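The values are calculated or read from the model by the stated rules, or taken from the named source; none is laboratory data. Computed from a predicted structure; not experimentally measured. Reconstructed Cβ throughout: ideal geometry from the backbone, glycine too, with neighbour counts over all protein chains shown.
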Amino acid sequence: MVGGEARLKDGDEVIWLAAVDGQPIEIVATGGLTLTASTLGATTQRIRRVNDNIASIDFTASVSGEVTIKSLKFTFEGLAVPVNKLFSVVLIDPITGANWNGSPVAGCQAGSARTCVVVFNHFNQGSPVIIRGTTKSIYLRVVDSRLFYDGLNTSDSLLVQFKSVSDLIWNDGATDRNLDPRLVPWQFAAMSYE
């Protein structure tokens, strides 16, 4: 899901898609967790750089209880994704500038299909907990986007998304939960590099 505007209600689940200042913002509420995500920085003619924060993701726990983030799986696709060349991705806490909850740097290497997957499920400081009624923002950072493919006189696209319901696993204190099937694929970062 991306773009436009839609609203679904099913029990305590609400899905809302919108755009603010031309940037897609997607808000997903399912049970006790609400997600908001958007592309950071330029969406066209983006400059390749070191420490390229490409997306912001906000996790908000409902007032009914805290939630624990257990696993995040990001799929990178597009012409910018280099073939047979490793690039690194990390989750950053924008307040401290450090890796979120001790998340490790993860490598991503695509084959000829220009798609690769990064999974964060081992946090050095334990699984991140979002306290009841609070929001935690994180950045999805490409450690060095200068490693991305650079086509001659072309615009090189990059799309980052959750492609499966199990790409986000979280716990509401009693049960492990996934994304709602109506949300996948969930495209939360889309851009093109010059």
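Among the residues making up the stretch 93-123, those that are at negative phi, of a type outside the set (A, V, I, L, M, F, W, C) and in a loop (DSSP other than H, G, I, E, B) are D93, P94, T96, S103, P104, Q109, G111, S112, N121, H122. The residues on offer are G78, G173, G133, G151, and the sole one that is more than 14 Å from the chain's Cα centre (by Cα), surrounded by 17 or more Cβ atoms within 10 Å (Cβ to Cβ) and touching a residue at least 40 places away in the same chain (Cβ under 8 Å) is G78.
Among the residues making up the stretch 121-172, those that are of a type in the set (K, R) and either in contact with a His (Cβ under 9 Å, 6 or more places away or on another chain) or under 17 Å from G107 (Cα atoms) (or both) are R141, R146.
For the stretch 88-114, a residue qualifies if it is in contact with a Gly (Cβ under 8 Å, 6 or more places away or on another chain) and closer than 19 Å to S155 by Cα, and exactly one does: R114. Candidates in the stretch 44-61 are the residues that are assigned to a strand (DSSP E or B) and more than 15 Å from the chain's Cα centre (by Cα); of these, the one that is surrounded by the most Cβ atoms within 10 Å (Cβ to Cβ) is A61. Quick one: is S64 touching a strand residue (DSSP E or B) at 6+ places or on another chain (Cβ under 8 Å), at pLDDT below 90 and part of a loop (DSSP other than H, G, I, E, B)? When the stated conditions are applied, S64 does not pass them.
When the stretch 93-130 is limited to residues that are within 25 Å of G151 (Cα to Cα) and of a type in the set (S, T, Y), the one that is farthest from the chain's Cα centre (by Cα) turns out to be S112.
Step by step: first the residues of the stretch 113-130, then only those that are β-branched (V, I, T) and under 19 Å from A61 (Cβ atoms), then the one that is surrounded by the most Cβ atoms within 10 Å (Cβ to Cβ). Which residue is that? If you could, list the steps in order and put the result at the bottom.
So in the stretch 113-130, the residues β-branched (V, I, T) come out as 115, 117-119, 129-130.
With the extra rule that they be under 19 Å from A61 (Cβ atoms), the set shrinks to 129-130.
Values: V129: 16, I130: 22.
Filtering the stretch 113-130 for residues that are β-branched (V, I, T) and under 19 Å from A61 (Cβ atoms), the one surrounded by the most Cβ atoms within 10 Å (Cβ to Cβ) comes out as I130.
Restricting attention to the stretch 81-92, the residues that are outside any strand (DSSP E or B) and surrounded by fewer than 17 Cβ atoms within 10 Å (Cβ to Cβ) add up to 3. Screening S145 against (1) within 14 Å of F59 (Cβ to Cβ); (2) buried (at least 20 other Cβ atoms within 10 Å of the Cβ); (3) touching an Asp or Glu at 6+ places or on another chain (Cβ under 6 Å) leaves a single unmet condition, (1). A Cβ distance below 8 Å, combined with a sequence gap of six or more or placement on separate chains, defines the contacts here; from the stretch 84-98, residues that are within 18 Å of I130 (Cα to Cα) reach residues that are in a loop (DSSP other than H, G, I, E, B) in the pairs L91/S103; I92/A98. G173 passes all but one of (1) under 26 Å from E66 (Cα atoms); (2) modelled with pLDDT of 85 or more; which number fails? With respect to (1) under 26 Å from E66 (Cα atoms); (2) modelled with pLDDT of 85 or more, G173 is out only on (2).
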